[in-house]
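Asker: Just passing along the structure, written as structure tokens.
The values are calculated or read from the model by the stated rules, or taken from the named source; none is laboratory data. Just so we're clear, the structure is a prediction, and the values are computed from it rather than from any experiment. Every residue, glycine among them, receives a Cβ derived from its backbone with ideal geometry; neighbour counts consider all protein chains shown.
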Amino acid sequence: MSISKNKEKAAQKILCIGGSTLNEGTIEKIKDALIATDFLQEWAVIFVKHLYFFVYGSQFYNVKTKKDIEAEWAPNQTVFVDHTNIYSVNKQKIYILPDPDICKVKEASGWNPMKNCLVVNCKVENNLVKLEAVESKGIDKNLDAWLKQNMDDASNSSRVKDLLNDERLEMPCIDKFMMELADVKTKINDLTIAGLILCGCYGDGAYGLKAIKNEGGATAVQDPDECWHSQKRATWSMPSTALENEPNHEKISIEENSDFTSLTDWLKSIR
């Protein structure tokens, strides 16, 4: 009986949203668009966002606690993937992958951002989509094998490694998760997937978004011209890199102040 109920709730449509240094108000606008389109009735949404507790704005940091996010998104809809576990991906749910900044531990040598952090894998189990959260053994040990297997171009692999080896260590890795979701699509025939890249620095997500498109998923990027931040001037580079890698992603406007399709209209179009 429990298996039957689980299959009834299992998401057959999954939207993965990646981003990093977001504009102030972006999270609220996404929430409004999801509500306006009744999107979650049939879809699950997975946020793969660097710094998910920190939203950049005019005051640099707008710190959102876990409690704040649960209050804004409704506790019964929001699932924080913050413990080692296997999580079923069900419709009407929003999944938020962990960020190593919440795991920082003070050591004699300084702050260790990878202490007791989690890495989340997207996988298939019993023909259902699952999120597997496992303890990190350090960025390099967790991702080296994955990079070697999935990044054929050595220069691209080096680019990603360079980004992952900076002081903050940009995790969760959007490329990794989106590419795993695309692979899951090849194993579940009736699964529908989609991907969206928001503002952010550098190019994480470019390969993952293309992988989703290659598997027939709807893909979009936020209009780079509306990505801004006074302290983080290159926040347009994440969607721009995705477009350089695949020019046929749709450009959409989160701010609804451009000539491109609005987020609300894009969500309606892929439902």
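Asker: Could you please give the count of residues in the stretch 21-51 that are in contact with a helix residue (DSSP H, G or I) (Cβ under 6 Å, 6 or more places away or on another chain) and polar (S, T, N, Q)?
Answerer: Summing the residues that are in contact with a helix residue (DSSP H, G or I) (Cβ under 6 Å, 6 or more places away or on another chain) and polar (S, T, N, Q) in the stretch 21-51 gives 1.
Asker: What are the residues in the stretch 257-271 that are closer than 23 Å to Trp43 by Cα and out of contact with any helix residue (DSSP H, G or I) (no Cβ under 6 Å at 6 or more places or on another chain), if any?
Answerer: Matches in the stretch 257-271: Thr261, Ser262, Asp265, Trp266, Lys268, Ser269, Ile270, Arg271.
Asker: If you don't mind, there's one more thing I want to ask. If a residue must be of a type in the set (Asp, Glu) and at pLDDT 60 or above, how many such residues does the stretch 149-185 contain?
Answerer: Number of matching residues: 3.
Asker: Every residue in the stretch 202-227 that is farther than 18 Å from Ser262 by Cβ, over 14 Å from the mean Cα position of the chain (by Cα) and part of a loop (DSSP other than H, G, I, E, B), please.
Answerer: Tyr202, Glu215, Gly216, Gly217
Asker: Can I ask one more? Sort out which residues of the stretch 186-230 are hydroxyl-bearing (Ser, Thr, Tyr) and modelled with pLDDT under 95, and write them in order of number.
Answerer: Of everything in the stretch 186-230, those that are hydroxyl-bearing (Ser, Thr, Tyr) and modelled with pLDDT under 95 turn out to be Tyr202, Tyr207, Ser230.
Asker: Can you find a residue that is in contact (Cβ under 8 Å) with a residue 24 or more places away in the chain, assigned to a strand (DSSP E or B) and surrounded by fewer than 21 Cβ atoms within 10 Å (Cβ to Cβ) anywhere in the stretch 185-199? Don't jump to the end; show me each part of the working.
Answerer: Here is the first cut: in the stretch 185-199, the ones in contact (Cβ under 8 Å) with a residue 24 or more places away in the chain are 185-188, 190-199.
Those left that are additionally assigned to a strand (DSSP E or B): 192-197.
Cutting the leftovers down to surrounded by fewer than 21 Cβ atoms within 10 Å (Cβ to Cβ) gives us 192.
Yes - at least one qualifying residue is present in the stretch 185-199.
Asker: Would you please name the residue that is nearest to the chain's Cα centre (by Cα), looking only at residues in the stretch 256-270 that are assigned to a loop (DSSP other than H, G, I, E, B) and surrounded by fewer than 18 Cβ atoms within 10 Å (Cβ to Cβ)?
Answerer: That would be Glu256.
Asker: Among the numbered conditions (1) surrounded by fewer than 18 Cβ atoms within 10 Å (Cβ to Cβ); (2) modelled with pLDDT of 80 or more, tell me where Leu22 comes up short.
Answerer: So Leu22 meets the others, but not (1).
Asker: Failed condition for Pro239, given (1) out of contact with any Pro (no Cβ under 6 Å at 6 or more places or on another chain); (2) crowded, with 18+ Cβ neighbours inside 10 Å, with all others met?
Answerer: (1)
Asker: Wholly within the stretch 76-126, which strands (runs of 3 or more DSSP E) include no fewer than the required count, namely at least 3 residues that are out of contact with any helix residue (DSSP H, G or I) (no Cβ under 9 Å at 6 or more places or on another chain) and at pLDDT below 70? Let's see the steps before the verdict.
Answerer: Values: elements: 78-80, 85-88, 94-96, 105-107, 110-112, 118-125.
Correct list: 105-107.
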